[in-house]
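Asker: Structure below; questions to follow.
Since every read-out is calculated from the coordinates, none of them should be taken as a lab result. Just so you know, these numbers come straight off a predicted model, no measurement behind them. With ideal geometry, Cβ positions are generated from the backbone for all residues, glycine too; neighbour counts draw on all protein chains shown.
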Amino acid sequence: MTPAGKYSSWHAVLVAMPFIETRRPSIQIGLLKTLAAARGFPVRTLHANLDFAVRIDVDNYELLCQHRGPMVGEWLFSVEAFPEAAPDPDARMLDDLADRLPRLGGSHQELREMLLRIRDVDVPAYLDVLLESFPWQEASVVGFSSTFQQNTASFALARRLKRRYPHIVTVFGGANFDDEMGPELVRTIDCIDVAVIGEGDETFPRLLAALADGTSLDAVPGLARRVDGQVKVTPSASVAVQLDGLPPPDYAEYFQHAEDLGILPRVGYRNVALPIETARGCWWGAKHHCTFCGLNRKAMPFRSKSPHLVLSELESQVKRYRTFRFEAVDNIMDTAYLTKLLPALVENETGYEIFYEVKANLSRAQLKLMAQAGVTHIQPGIESLSSNVLRLMRKGVRAIQNVNLLRWAQYYDIHVDWNLLWGFPGETERDYSDQVAVIPHLFHLPPPSSANRVWLERFSPLFTESDKFQLTRLVPERSYRYVYPDAVDLERVAYFFDYDLDGALPDSAFAGMRQATADWCSAWRASKPPVLKYWSAPHFIQVYDERQPGQGGTYTFEGTLADLYLACSNRPTTAAAVRRELGLLLPTEAIQELFGAFQERGLMFVDGQFVLALALPAVKAR
Amino acid sequence: MANLTFTLKEIEDLAHKVSALDQFLSKKEHELLLAIFASAAEQVTRNKAGRGVFPAPQQGAGSATLEDLQQQLLKAYIPGNEPPHGINAKIIGDVSGS
């Protein structure tokens, strides 16, 4: 037990620097605050990303946060992070990678001027104000959580803090410091005193205690620091953190700061998604690691929080922060929640709106349950509409299951965010011409949020097994060279990589996919979205098809045809199974032929021997 | 026609009797009989009491041929935009307040 007041004068500050979005607090610093406070440390959190967002315009800031491409956010703070050693004071990156920059409006020249103004005027002014407006002198430790593009902004502030307050110990952690990335950053960047490698829930409070007590850091697992000019790394903890031991994160200072800055209203409804963590790791990835996925370097073993603790946390956080929206940061929902958590949410008649990442093999009944429980937004790992490409990705689902998920999520009004990926070793042009042909049949279902060549991420099987996948070139993504000084070994620090793949399809093979998905998205922006729905009576259905605007029409099917169509509506099935279910005398081959005729009309999705009706019931909520 | 349930013994008795016909069947007829049994076996399920169940043929399903159904498919589509749906409630009485 911590003696009362023992650490009361040992203040720590946890900082979230740009670039993370403004409409949600950082779960990383919120959780570490609670854990450290429980050991008796006075801890403050500072969402300094909010100040920067207000300074450069919140909408522009959010666009920079959401941009996937060159490290523009990291580049903006590079000069302040590494003054003399910054590699791109002349802003060559803005021309070299001009076609991949975020679209903040205006011409390229206007964008260039805007980014230069942010880098050369806003960033230094922001850091100056930040340094003066917070009682840093009280802090013994300042911790930075860094994920994706948060490194250089954090280094820039840490550098100024170390210069002004040399007594402050700077501690860095987060996904950007995992594995060999942390030690390399510690080796080359002076303003980092200590880095936490891996999960920080246990390590960070132990580090604070060791610093406060003046005991050796060698006994604290999972640290990297410079000792006598060398980087010393202590072995990581042997036991993974169990989530039932983690308390709800403390977001109070986020809300206060966001209100003070006018980002959130002080009263009434607040459009904020509260991050919750109900699981870590990936139960699918532990068995079959998807080839492109770079999450979970060492944290792949799946752990989840007990349902009764999740229920209690949801309730307490709603009452504390007056927001009913939650975003689970889990990589994948625990399947046990389908029987243990969601039914309890239904029974309690709670009015939460919850986001989850899910595996795409959910059934109609499961999606209905999710909708009833308040899971209003999901991100399934769909990634492709080709079963062959999904097999190459090791996704463990077929294209027809992906389509079925899109159908029933649409029916139950669950918003779906999903992506289309291409560029995998072993895929063929046919895999894509087939998808291009089928996409117009799916226009009544939600389109992908993005469609692109796969990004190569550190820790993914494509990276770790690059020989096996016949990668002939694997180098840090091009923009890193405009961010980090020469002394930093980018091979050890980069998370994204450029690559060439032996035998890969050329970009031209995906032109049809780009156009088809663009058309799909465009159709959903119309005032009247595409529709394919059916009304049914015993042995009789009518299907209304207006997937192409202004080209509506109705199919009427009776008797066996109606029965065949309805038998394929709930879930993917096969001709033989339908024949058995309906007790038909028609041979299986004849039924397959009829399914082919439905497919030609775009009314069914056929995937090998599996088949699925594409229309949705016109009558909702069943 | 209701589902047809049966026991293992009933099937064994039937098989015994049918086997008596075997000597009168050509090789082709023998193969045909086996194929019919095999096809029928695909439709059998087991109920909670452990009995076999043949599903009852659907009404009308037996008479539909592939050609009939293909013809129905060819004629199934009628172009035209969706008629308005929903209940158009009429306002009864004077709501103008005058």
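Asker: Other chains' Cβ within 10 Å of A:549-559 residues: what's the mean?
Answerer: So the per-residue partner count for this stretch is 5.
Asker: A further question on this structure: Could you pull out every residue, at least 5 positions away or on a different chain, whose amide H is within less than 5 Å of the one on A:K232? Hs are placed 1.01 Å off N in the peptide plane, and Pro or chain starts have none.
Answerer: Sorted by chain and number, the residues that satisfy this are A:R225, A:R226, A:V227.
Asker: Specify whether the C-alpha gyration tensor of segment A:444-483 places it in the rounded, prolate or oblate class, a ≥ b ≥ c being the square roots of the eigenvalues: rounded for a/c under 1.5, otherwise prolate if a/b is larger than b/c and oblate if not.
Answerer: oblate
Asker: Roughly how many Å is it from the Cα centre of segment B:1-38 to that of segment A:3-41, as a whole number?
Answerer: Answer, in whole Å: 78.
Asker: Okay, next question. Just report the Cα centroid separation between segment A:523-545 and segment A:94-166, whole Å.
Answerer: 50
Asker: What net charge is computed for the residues neighbouring B:Q72, neighbours being all others with C-beta under 15 Å from the C-beta of B:Q72, Lys and Arg scored +1, Asp and Glu -1?
Answerer: -4
Asker: Quick check for me: using +1 on Lys/Arg Cβ and -1 on Asp/Glu Cβ, what's the dipole size of segment A:318-435 about its Cα centre, in debye to the nearest 20?
Answerer: 280
Asker: Other chains near A:586-594: what is the mean number of their Cβ atoms within 10 Å of each residue's Cβ?
Answerer: What the average comes to for A:586-594 is 3.
Asker: Please give me, ordered by residue number, the trypsin sites (Lys or Arg not before Pro) of segment A:521-602 that lie in loop per DSSP and have at most 14 other Cβ atoms within 10 Å.
Answerer: Here the sparse-neighbourhood loop sites are A:R525.
Asker: Can you run phi through the Karplus equation (6.51, -1.76, 1.60; θ = phi - 60°) for segment B:35-50 and list ³J(HN,Hα) in whole Hz, with x for Gly and Pro?
Answerer: 5, 5, 4, 5, 5, 5, 4, 4, 8, 6, 10, 10, 8, 4, 7, x
Asker: Does segment A:62-103 come out rounded, prolate or oblate by the C-alpha gyration tensor, with a ≥ b ≥ c the root eigenvalues, rounded set by a/c under 1.5 and, if not, prolate when a/b is larger than b/c and oblate if not?
Answerer: oblate
Asker: Taking each pair of different alpha-carbon atoms in chain A once, compute 1/r for the pair, average those values, and report the inverse of that mean as the Kirkwood hydrodynamic radius in Å to one decimal.
Answerer: 26.6
Asker: What dipole magnitude, in Debye to the nearest 20, does segment A:404-558 give about its Cα centre under +1 on Lys/Arg Cβ and -1 on Asp/Glu Cβ?
Answerer: 480
Asker: From the Cα gyration tensor of segment A:137-271, with a ≥ b ≥ c the square roots of its eigenvalues, which class applies: rounded if a/c is under 1.5, or else prolate if a/b is larger than b/c, or else oblate?
Answerer: prolate
Asker: Here's a follow-up. With a cut-off of at most 13 other beta carbons within 10 Å, and DSSP calling the residue loop, which trypsin sites (Lys or Arg not before Pro) in segment A:219-276 qualify? Please list them.
Answerer: A:R266
Asker: Now a separate question. Could you tell me which residue out of A:C521, A:G553, A:Y534 lies farthest along the dipole of the protein assembly as shown toward its positive end? Charges go on the beta carbon: Lys and Arg +1, Asp and Glu -1, centred on the Cα centre.
Answerer: A:Y534
Asker: Sticking with this structure for a sec: At a 10 angstrom cut-off on C-beta neighbours, averaged per residue, how do the peptides B:8-16, A:495-503 rank from highest to lowest?
Answerer: By packing density, highest mean first, the sequence is A:495-503, B:8-16.
Asker: For segment A:382-514, with the dipole built from +1 on Lys and Arg beta-carbon atoms and -1 on Asp and Glu ones, taken about the Cα centre, which of A:N402, A:V488, A:F469 lies farthest toward the positive end?
Answerer: The one lying farthest along the dipole's positive direction is A:N402.
Asker: Sort B:I36, A:I382 so that the residue with the fewest other Cβ atoms within 10 Å of its own Cβ comes first and the one with the most comes last.
Answerer: B:I36, A:I382
Asker: Share of antiparallel DSSP beta bridges in the protein assembly as shown, in percent to the nearest 5?
Answerer: 55
Asker: Next question. Given +1 on the Cβ of Lys and Arg, -1 on the Cβ of Asp and Glu, and no further charges, what dipole in debye does segment A:403-463 carry about its Cα centre, rounded to the nearest 20?
Answerer: Computed charge dipole of segment A:403-463: roughly 60 debye.
Asker: Angle check, please: helix A:429-438 long axis (alpha carbons) against the longest principal axis of chain A (alpha carbons), in degrees 0 to 90, nearest 10.
Answerer: Around 70 degrees separate the two axes.
Asker: Report the relative contact order of segment A:470-622, percent, no decimals, based on alpha-carbon pairs under 8 angstrom and at least 6 residues apart.
Answerer: About 16 percent, as a whole number.
Asker: Grab the DSSP H runs of chain A that are 4 residues or longer, score each as -39,500 (n - 2.57), total them, divide by all residues and round the 222 nm result to the nearest 500 deg cm²/dmol.
Answerer: Computed ellipticity for chain A at 222 nm equals -10500 deg cm²/dmol.
Asker: Next up: Using θ = phi - 60° and the Karplus form 6.51 cos²θ - 1.76 cosθ + 1.60, what ³J(HN,Hα) does each residue of segment A:557-570 get, whole Hz, x for Gly and Pro?
Answerer: 10, 10, x, 4, 4, 5, 4, 4, 5, 5, 5, 9, 8, 5
Asker: To continue, here is another question. Toward the positive end of the charge dipole of chain A, about the Cα centre and with charges on Cβ (Lys, Arg +1; Asp, Glu -1), which of A:Q317, A:V416, A:G174 goes farthest?
Answerer: A:Q317
Asker: Which order do A:V194, A:V436 fall in if you start with the one that has the fewest other Cβ atoms within 10 Å?
Answerer: Result, fewest neighbours first: A:V436, A:V194.
Asker: Ok, one more. Could you tell me which Cys residues in chain A have no other cysteine's Cβ under 4.7 Å from their own Cβ, answering none if every one has a partner?
Answerer: A:C65, A:C191, A:C282, A:C521, A:C568
Asker: Restricting to Cα pairs below 8 Å that are 6+ residues apart, what does the relative contact order work out to for chain A? Please round to a whole percent.
Answerer: Contact order relative to length: 11 percent.
Asker: Would you please give the residues with an amide H less than 5 Å from that of A:W422, counting only those at least 5 places away or on a separate chain, with H modeled from the backbone geometry?
Answerer: Counting only residues 5 or more places away or on other chains, the set is A:N452, A:R453, A:V454.
Asker: Using a 10 Å cut-off on Cβ to Cβ distances, tally the other chain neighbours for every residue of B:65-74 and report the average as a whole number.
Answerer: Mean inter-chain Cβ contacts per residue within 10 Å come to 5.
Asker: Follow-up. Quick one: Cα centre-to-centre distance for segment A:339-404 and segment A:234-280, in angstrom?
Answerer: 24
Asker: Tell me the angle of helix A:364-373 to the major Cα principal axis of chain A, expressed in degrees between 0 and 90 and rounded to the nearest ten.
Answerer: The angle comes out near 50 degrees.
Asker: So how do A:E184, A:E138, A:E132 line up by other beta-carbon neighbours within 10 Å, fewest first?
Answerer: A:E132, A:E138, A:E184
Asker: Using a cut-off of 20 Å between alpha-carbon atoms, which lysines can reach B:K28, once sequence neighbours fewer than 8 places away in the same chain are excluded?
Answerer: Result set, ordered by chain and number: B:K17.
Asker: Rank by packing, highest mean first: peptides A:92-105, A:38-51, with packing defined as the count of other Cβ atoms within 10 Å averaged across residues.
Answerer: Packing proxy ranking, top to bottom: A:38-51, A:92-105.
Asker: Can you tell me the orientation of helix A:588-600 relative to chain A, as the angle in degrees between its alpha-carbon axis and the longest Cα principal axis, to the nearest 10?
Answerer: The angle comes out near 60 degrees.
Asker: I've got another one for you. Using modelled amide H (1.01 Å from N, peptide plane; none on Pro or chain starts), what sits under 5 Å from the amide H of A:L341, excluding residues fewer than 5 places away?
Answerer: It is none; the list stays empty.
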